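Rule-based calculations on the coordinates, nothing more; no lab input. This is a predicted model, so every value here is computed, not measured. Note that we place each Cβ from the backbone using ideal geometry, even for glycine, and neighbour counts take in every protein chain shown.
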Amino acid sequence: MRHTITVMPGDGIGRAVMKEALKVLDASGFEADYVHGDIGWEFWKTEGNALPGRTLELLEKHPVALFGAITSKPKPAADAELSPALKDKGCVYYSPIVTMRQHFGLDICKRPCRSFIGNPLNFVRRGPGGTIEEPAIDTMIFRQNTEGLYGGVEWTNPPDQVYDALMTHPKFRANFAWCPRPELAVSTRIFTRKYTSRIVREAFEYAKARSIDTVYVCEKPNVIRETSGMMLKVAQDMAKADYPGIRASDVNIDAMMMWLTKNPEDYRVIVSGNMFGDIVSDGFAGLTGGLGFACSANIGEKVAVFEPTHGSAPKYADYPESIVNPIAMILSTCMMLEHIGDHARAGRIMNAVKLVISEGRVKTYDMLKLRGCPEVLSQGAASTAGMGDAVVEALGRAGK
């Protein structure tokens, strides 16, 4: 079956890693038509919208997409780079990936963090008697993707209705009433039972399919009682009602960040709200090679977008030859293939990546632990294209 895939390279290194991912897909025999979607900083500067309406229409028509990376800057910097013709026209910069998630209800975010045999960046620790241990990490993090602190409901100098509502809360009156309103900034953290239940169920279904006996709810219900408390209660009730034999375990985000550097192999399935899921997935990514290996899926009821979790790294974008690691983008294509039911091809590409890493002949600068600069290519590091070529070559040897 031939597919049509929306491709949004985005900014900076997103273009370089996307090129390699498509090269690997082509070498695997995947038959697809790729349609380009405009997204990124240049469209903010020239159109006042980093996610133009035409791209949203394109995703409506072709709802499976690959996305590279995006540049986001704070409000003053965004305003300063806006075209003079658009200034004072009411343009407000919003993160296009966050906007995309909310517009299409891409509420299920899956972030696998797996160590690869032979990766020199894998986490190691001291074992008994001073031995060195390298635990095999295979963690799937389920991040609620559209609510929480990234929901975008926030104000500086809140309007009367908002301020008056805040003043009805005794904690606000006691601790913040002293602050002049122009000096007050408020960001909300909103959870809904519907979407909290959806992400929690995804985590339980994943655990059930793999005979994993614990889902860890990584929140902070002892302090953030209402929102974190809702997620924990939903998970506990769901475990009791629908998933006998699977336990919902409460682990605070701060404790999790400590424990993941002690025994990360114990935490196979984690579910979190938006920000804590972002934090813990980056923490685990650091144990399995860094953001050069971190892929993700954003899945809604109709649209699904697959992306590496790294940024656009603009400092690397203009090098004469790209040096960044494309594996995270390539692994994101594996997640896309699994989503559309092409499991065999996803497995072949995954096995090719494993083979390249285990053999150790081709390594990008991060895998060699070099400082990122153009000179790394003369020091033995593979270029972005070189790593892509290695995965393509390994496809013929990897098998199913």
Worksheet, complete the sentence: Binned at 5 Å from zero, the C-alpha pair distances of region 137-264 give percents of 2, 9, 16, 18, 16, 13, 9, 7, 6, 3, 1
Discussion item. Within 10 Å, at most 12 other Cβ atoms, and a DSSP state outside H, G, I, E, B define an exposed site. Report the longest part of the chain free of exposed GluC sites (Glu not before Pro).
Written reply: 32-225
Worksheet item: Taking Cα centroids, how far is region 33-47 from region 206-282 in Å?
Response: 36 Å
Response to the item:
Going from the fewest other Cβ atoms within 10 Å to the most, one would list Val234, Val153 as Val153, Val234
Discussion item. Cross-link candidates for Lys233: which aspartates and glutamates have Cα within less than 17 Å, leaving aside residues fewer than 8 places away along the same chain?
Written reply: Glu202, Glu219, Asp242, Asp250
Item to complete: Take region 278-400, drop everything but the C-alpha atoms, weight them equally and run the Debye formula without solvent; then report log10 I(q)/I(0) at 0.13, 0.15, 0.16 Å⁻¹ to two decimals.
Response: -0.55, -0.73, -0.82
Worksheet item: Of Lys194/Lys220; Lys61/Lys89; Lys45/Lys89; Lys110/Lys194; Lys73/Lys315, which sit over 22 Å apart, Cα to Cα?
Response: Lys61/Lys89
Practice prompt. Could you tell me whether region 41-172 comes out rounded, prolate or oblate from its Cα gyration tensor? Rule is a ≥ b ≥ c as square roots of the eigenvalues, rounded for a/c under 1.5, then prolate if a/b exceeds b/c, otherwise oblate.
Written response: prolate
Discussion item. Run the numbers for Ser211 and Phe172: contour at 0.36 nm per residue of separation, minus the present Cα-Cα distance, in nm.
Written reply: 9.5 nm
Worksheet item: Hey, can you rank 273-286, 378-391, 169-182 by average C-beta count inside 10 Å, highest first?
Response: 273-286, 378-391, 169-182
Fill in: Helix-only mean residue ellipticity at 222 nm for the chain, each DSSP H run of n ≥ 4 adding -39500 (n - 2.57), per residue, nearest 500
-12500 deg cm²/dmol
Practice prompt. With a/c under 1.5 counting as rounded, go ahead and sort region 245-349 into rounded, prolate or oblate using the C-alpha gyration tensor (a ≥ b ≥ c being the square roots of the eigenvalues; past the cut-off, prolate if a/b is larger than b/c, else oblate).
Written response: oblate
Response to the item:
Distance in nm between Glu57 and Thr156 label points, each 7 Å along Cα→Cβ, equals 3.5 nm
Worksheet item: Among Asp213, Asp250, Asp164, which one shows the biggest mean-square fluctuation in a GNM of the chain, springs joining Cα atoms closer than 10 Å?
Response: Asp164
Practice prompt. For each of Ile253, Ile270, count neighbouring Cβ atoms within 10 Å of the residue's Cβ, then give the residues from fewest to most.
Written response: Ile253, Ile270
Item to complete: Quick one: among Gln144, Gln161, Gln236, which has the greatest mean-square fluctuation in a GNM of the chain with alpha-carbon springs under 10 angstrom?
Response: Gln161
Worksheet, complete the sentence: Residues Thr99, Thr4 in order from fewest to most other beta-carbon atoms within 10 Å are Thr4, Thr99
Practice prompt. Tell me, rounded to the nearest percent, the portion of alpha carbon pairs in region 138-211 spaced more than 16 Å apart.
Written response: 62 percent
Worksheet, complete the sentence: In whole percent, the Cα-Cα distances of the chain spread across 10 Å bins from 0 upward as 5, 20, 29, 27, 14, 4, 1
